[in-house]
Amino acid sequence: MKYIPRIVDNIISTYLETFGAICIRGPKWCGKTTTAEQHSRSIIKLQDPDFTDSYLKTASIKPSLLLKGDNPRLIDEWQDIPELWDAVRIDVDSKRGQTGLYILTGSSVVAKDKREKVHHSGTGRIAYIDMLPMSLYESGESNGKISLSELFENPDTDINGIEADLRIEDVIEVACRGGWPESINKNKNAQELIVKQYLKGLVESDISRLTGEKTNPNVLRQLLRSYARNICTLASKSSIIQDISSVQNISEPTYDKYEKALNELHIISDIPAWSPSIRSKSAIRAKPKRNLVDPSLAVAALGIKPEYYHTDLKSFGFIFESLAIRDLKAYTTAQDGEISYYRDRYGLEADAVLNLSDGRYALIEFKLGGSGIEEGRTHLEEIRNLIIKYNETEKQCPLRIPDLMLVITAFGMAYRYPSGVCVIPLTVLKP
C-alpha cells in the first residue's frame, strides 16, 4: 500500500535534526507507526507476539540491548516496556550532541501498574509530537486551493470564487468515515465497521489495560454516547453523569477515572475557553466544549449512519464543527496552533479562536451554509468591534486585533466581505 504523506512528516524531520529522540503520540490507528517508519532505519515492534516474551526478558536484564540497531531506531508502542524510556534517555545523554537517534510511538501513557518503571520525564532529551487522524487535505477530499498559513501571512489574499469540489452529502460521508488511514480506500460498509470495532476495542479492552482495573463496558459506551450527544457544546460534567445515569449507574469518581483514561488514550479532545479580558471575568464562560479527537467516533457512538444526517442537518452542524476543528489543528501543527472558543453571557460568541505561537490569531465561526453565514459574519464583526472599543480605553495593555475572521462552511464558494470576514469551505483548505 502506497504511503500517503502526512502534515506531520516535516515536523518529524525537523525534530529529528534537533533532538536526540522524539515521541509521537496520538490515538490508535491514526498512522503513527506507518509515518514513523518513513523516518526510521531500524524498528522494534514491542507488540509483536512472536517476540514479546523475549523482549520482556531482555528488558528485565539489560534494556539497552533492545536499542541496538541503525538510527533513527523506531520503538513502536514503547509504553508496553516502559523501562525503554529511561534507556533511551540515558543513551541520548551518553551521545550528547547527536540527534535523531530514536523515534518512540505510543497510543497511551504507561499503564498504571508499570508507571514506577519510568524514573525521568525525558525533558530536554525526548521531544513530543502529537499526531491526529488524517485531515481532509491529507485524505484528498480537500482540493487545497486556499492555504491557511498563506492567509495568515497575507490576509488580503484573493479567495473570491474558489469552489469546493464536495457537496454537503459528500462532507457528511467523510465526517462519518473519519480520518483513519485504514478507512480511506475501503467501501462504505467497511468504513463503518472499522470505527465500530475501534470503539468496541476501546471500551472492552484498552481502558481496562490502561487503568489496570476492571471497567464496565456498558458504562463506557454510555459515557461516549453522552459525549457524542453533547459534542461541541458546553455540557457540564454533572449533566453528562446524569445522562449516563439514566441508563447505567455511575459515581463521580468512576466518571473521573474513565474520562482521565479517555484523555490518556487521546480520544477526548475538549476545547478550552478563550478569555481575552474584554469583559469582566464573570462574563466569560469557562467550561470546556466537549469534543472527541475525530467526528467519526461520535457518529459511531450514537449508532448513526450517514444518511440520517441528510434529513437532520442541524445535528450534523455539531459533527461538522468537530471535523473542522480536527483539520484546523492539523493545519497549524507546525505553528503550535491552539484551538479555543469564545462565548459570554451576553450571547456574543465565536465557535473557535485559533491562536498561533507568534501571537497571531483567527476568530472563526462554523456554518454549514445558507443563512447561517450571515449570522457568523455578524458574530465575528461584533467581537472585533468589542476589542477595538476596549483598546480605546485600555491604553496600557491593548488587545491584538484578530488577524483573520473566518466563516468556515461545509460546501460552496469562497468569498470575502468588505469588512474582511472570509467565507471559506473546509474542503478547499490546506496548511
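Table for the structure above
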| item | result |
| --- | --- |
| P(r) tail fraction, segment 182-229 - alpha-carbon pairs more than 15 Å apart, % | 53 percent |
| Placed amide H near residue 104: partners under 5 Å, 5+ positions off or other chain | 22, 23, 24, 75 |
| For segment 372-381, Karplus couplings with θ = phi - 60° (6.51, -1.76, 1.60), whole Hz, Gly/Pro x | x, 4, 5, 4, x, 4, 4, 4, 5, 5 |
| Cα centroid separation - segment 1-23 against segment 378-431, whole Å | 32 Å |
| Antiparallel content of DSSP bridges confined to the chain, in %, to 5 | 35 percent |
| Sequence-separation-based contact order of the chain, relative, with Cα cut under 8 Å and 6+ spacing, percent | 18 percent |
| Taking the C-alpha atoms of segment 114-256, convex hull volume expressed per residue in Å³ | 210 Å³ |
| Carbon/sulfur fraction of accessible area - the chain, other protein chains in place, 1.4 Å, % | 49 percent |
| DSSP bridge orientation in segment 315-421 - percent antiparallel, rounded to nearest 5 | 60 percent |
| Viscosity 1.306 mPa s, temperature 10 °C, Stokes-Einstein D of the chain from Kirkwood C-alpha radius, µm²/s | 69 µm²/s |
| Spacing of the two label points (7 Å from each Cα toward its C-beta) at residue 53 and residue 413, in nm | 6.8 nm |
| Vicinal HN-Hα couplings computed from phi for segment 307-322 (Karplus, 6.51 cos²θ - 1.76 cosθ + 1.60; Hz; Gly/Pro x) | 4, 4, 6, 4, 10, 9, 5, 4, 5, 5, x, 6, 5, 4, 4, 4 |
| Relative contact order computed over segment 329-427 (Cα-Cα under 8 Å; 6+ residues apart), in percent | 21 percent |
| In order through segment 295-301: 3J(HN,Hα) via Karplus (6.51 cos²θ - 1.76 cosθ + 1.60), integer Hz, x for Gly, Pro | x, 4, 5, 5, 4, 5, 5 |
| At 1.567 mPa s and 4 °C, Stokes D of segment 184-275 from Kirkwood alpha-carbon radius, µm² per second | 91 µm²/s |
| Accessible area (Å², per residue) of segment 309-359, counting only protein heavy atoms and a probe of 1.4 Å | 37 Å² |
| Of 28/305; 28/289; 32/367; 200/257, those spanning more than 26 Å from alpha-carbon to alpha-carbon | 32/367 |
| Other-chain or far-sequence residues with amide H under 5 Å of residue 180's (modelled H) | 134 |
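The values are calculated or read from the model by the stated rules, or taken from the named source; none is laboratory data. What you are looking at is a predicted structure, and each value in this text was computed from that prediction instead of being measured. No Cβ is skipped: glycine too gets one built from the backbone with ideal geometry, and neighbour counts run over all protein chains shown. Protein only, heavy atoms only, side chains kept; ligands, DNA and RNA dropped before computing areas. Shrake-Rupley method; radii C 1.70, N 1.55, O 1.52, S 1.80 Å.
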